[in-house]
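Notes for the one structure printed next.
The values are calculated or read from the model by the stated rules, or taken from the named source; none is laboratory data. These figures come from a predicted structure and were not determined experimentally. Glycine gets a Cβ as well: all are built from the backbone with ideal geometry, and neighbour counts include every protein chain shown.
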Amino acid sequence: MIVLGIDIGGSATKGALVDTDTGKLVSERIRHKSDKSKKPKEIVKDIHKIAKELNYSGIIGAGFPGIVKNGVIDTSANLHKDWVGANLAKMIEEETGNKAFILNDADAAGMAEFRFGTEEARKAKVVMFLTIGTGIGSALFVEGKLLQNTELGHMLLGKYEVEEYASAAVKTREKLTWKQWAVRFNEALKAYEFLFSPDIFILGGGVSARFEKFSKYLTVKTKVIPAKLENLAGIIGAAVAAQEKLT
């Protein structure tokens, strides 16, 4: 089935058509810039523009960087404060005329990686998937089941939240070298390792494509691998989730 997948992020809203049977994109990926000043209605209009640009009409899956409950946004750390309490599923349906399913963006990416990524992850009992971008998202799988909305990027590490200390945005903003950033990120992995005892960490988001630049500085006992789907996982997972929930 071909479904429009949307990945709403702190710096951009991205979308593409996905074959949910294969996990492959079957269109170009379209990107509309975003930031914390952009209100919900503006981003929903961007989603409609993406659908129009792809000449698409049908169900829509969207990943959002925060806690999502029944299509309603519960937290919004890296986007406009007006998102809190917004019924994004209803807003998309009213704007586009198409039904929509909304889930946490890291959960979406983790679902895609778990289904279409490395076989090693599917064999593990506890898998922690982390997206590293404007913030840090998390998806935790226990014996193949997703624990929704974990949002472990907001866990405190000393006096900072993990994503305030070791996200890709922090690396750019503070002009950290790969080694300097990796030492910080390794502290987060150690904390997650102690609390959850995962069998494997999978790293997604933009930095996953640069894994060779920092992997040698990661010293946790747990195996760490880059996401096979890299930065496309969020789009793919959102489309798959919509297909599962709305058809």
Restricting region 204-230 to residues that are at pLDDT 95 or above and among the β-branched types (Val, Ile, Thr), the residue that is farthest from ALA112 (Cα to Cα): THR219
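Looking at region 10-47 only, could you name the residues that are assigned to a loop (DSSP other than H, G, I, E, B) and touching a Lys or Arg at 6+ places or on another chain (Cβ under 9 Å)?
Filtering region 10-47 for residues assigned to a loop (DSSP other than H, G, I, E, B) gives 10-11, 20-23, 26-29, 34-39.
Those that are assigned to a loop (DSSP other than H, G, I, E, B) and touching a Lys or Arg at 6+ places or on another chain (Cβ under 9 Å): GLY10, SER11, GLY23, ARG29, LYS36.
Condition check ((1) among the hydrophobic types (A, V, I, L, M, F, W, C); (2) touching a residue at least 60 places away in the same chain (Cβ under 8 Å)) across all residues:
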position: GLY144; (1), (2): no, no
position: GLU161; (1), (2): no, no
position: VAL170; (1), (2): yes, no
position: ALA182; (1), (2): yes, no
position: SER197; (1), (2): no, yes
Criterion (surrounded by fewer than 23 Cβ atoms within 10 Å (Cβ to Cβ), within 20 Å of the chain's Cα centre (by Cα) and of a type in the set (S, T, N, Q)) met by exactly one of ASN55, ASN70, ASN104, ASN98: ASN70
Take the residues in region 155-173 that are under 17 Å from the mean Cα position of the chain (by Cα) and part of a loop (DSSP other than H, G, I, E, B); name whichever of them is surrounded by the most Cβ atoms within 10 Å (Cβ to Cβ). SER167
If we keep just the residues of region 198-232 that are in a loop (DSSP other than H, G, I, E, B) and of a type in the set (Val, Ile, Thr), which is nearest to LYS145 (Cα to Cα)? THR222
Only one of LEU146, LEU79 is of a type in the set (A, V, I, L, M) and buried (at least 24 other Cβ atoms within 10 Å of the Cβ), namely LEU79
List the pairs whose first member sits in region 228-247 and is closer than 13 Å to ASP19 by Cα and assigned by TED's automatic domain parsing to the domain that holds ALA168, whose second member is assigned to a helix (DSSP H, G or I) and among the polar types (S, T, N, Q), and whose Cβ atoms are under 7 Å apart, counting only residues at least 6 apart or on separate chains? none
Name the single residue that is farthest from GLY58 (Cα to Cα) among those in region 70-90 being touching a helix residue (DSSP H, G or I) at 6+ places or on another chain (Cβ under 6 Å) and assigned to a loop (DSSP other than H, G, I, E, B). SER76
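Residue-by-condition table, conditions (1) over 20 Å from ALA239 (Cβ atoms); (2) among the charged types (D, E, K, R); (3) assigned to a strand (DSSP E or B):
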{"residue": "ILE92", "(1), (2), (3)": "no, no, no"}
{"residue": "ALA109", "(1), (2), (3)": "no, no, no"}
{"residue": "ALA112", "(1), (2), (3)": "no, no, no"}
{"residue": "MET128", "(1), (2), (3)": "yes, no, yes"}
{"residue": "THR131", "(1), (2), (3)": "no, no, yes"}
{"residue": "LEU140", "(1), (2), (3)": "yes, no, yes"}
{"residue": "GLY153", "(1), (2), (3)": "yes, no, no"}
{"residue": "LYS175", "(1), (2), (3)": "yes, yes, no"}
{"residue": "LYS179", "(1), (2), (3)": "yes, yes, no"}
Among the listed residues GLU212, GLU187, GLU163, GLU193, which satisfies the condition of being under 26 Å from ILE8 (Cα atoms) and of a type in the set (D, E, K, R)? GLU163
Residues (farther than 13 Å from LYS41 by Cα and out of contact with any helix residue (DSSP H, G or I) (no Cβ under 6 Å at 6 or more places or on another chain)) located in region 91-113: GLY97, ASN98, ASN104, ALA106, ASP107, GLY110
Look at region 48-66 and say how many of its residues are in contact with a helix residue (DSSP H, G or I) (Cβ under 6 Å, 6 or more places away or on another chain) and in a helix (DSSP H, G or I). 2
When only residues in region 114-129 that are modelled with pLDDT of 95 or more and surrounded by 24 or more Cβ atoms within 10 Å (Cβ to Cβ) count, which is nearest to VAL142 (Cα to Cα)? VAL127
